Amino acid sequence: MFHHQTMKCFKNFLYSVDELNNIRLIFAIDDDGKSFWVLAIKVRDKIVSDGITDQGFSMENKGVYVNADKMNELLNEKERIVIDMRNH
């Protein structure tokens, strides 16, 4: 079980970072050995399981980014076919 002073130091350190200042922290009060004090790190081949096993697949081989004005221009072309694949 962490000592109260250790948690106070940790909180002060977090709050010293501008982006984390006053971030809401939740501490477990009772310690029955099953609280949140255990950190488990699992190493994975991929962050997102996309199911792609093709070794020839490369994220560098992708389309060209277009801004909103260019996208609207492309969508207004009568012969243009657009397939939105952002979600299932």
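The values are calculated or read from the model by the stated rules, or taken from the named source; none is laboratory data. Keep in mind that this is a model prediction, so the values were computed, not measured. When we count neighbours, we look across all protein chains shown, and the Cβ atoms used for this are built from the backbone with ideal geometry, even at glycine. Surface areas here come from the heavy atoms of the whole protein model, side chains and all, with no ligands, DNA or RNA. Shrake-Rupley method; radii C 1.70, N 1.55, O 1.52, S 1.80 Å.
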Inset, instruction - Give region 54-72 a look and list any residue that's in a helix (DSSP H, G or I) and open to solvent by 100 Å² or more (accessible area, probe 1.4 Å), or say none. - result: D69
Inset, instruction - Scan region 23-47 for residues that are modelled with pLDDT of 75 or more and either of a type in the set (D, E, K, R) or open to solvent by 100 Å² or more (accessible area, probe 1.4 Å) (or both) and jot them down. - result: R24, I26, I41, K42, V43, R44, D45, K46, I47
Legend entry - Unique residue being touching a Leu at 6+ places or on another chain (Cβ under 9 Å), of a type in the set (V, I, T) and modelled with pLDDT of 85 or more when the list is V82, V17: V82
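Please verify whether region 3-13 includes one or more residues that are assigned to a loop (DSSP other than H, G, I, E, B) and either at pLDDT below 90 or open to solvent by less than 80 Å² (accessible area, probe 1.4 Å) (or both).
At the first step, the residues of region 3-13 found to be assigned to a loop (DSSP other than H, G, I, E, B) are 3.
When the remaining residues are screened for being either at pLDDT below 90 or open to solvent by less than 80 Å² (accessible area, probe 1.4 Å) (or both), the result is 3.
Within region 3-13, one or more residues are assigned to a loop (DSSP other than H, G, I, E, B) and either at pLDDT below 90 or open to solvent by less than 80 Å² (accessible area, probe 1.4 Å) (or both).
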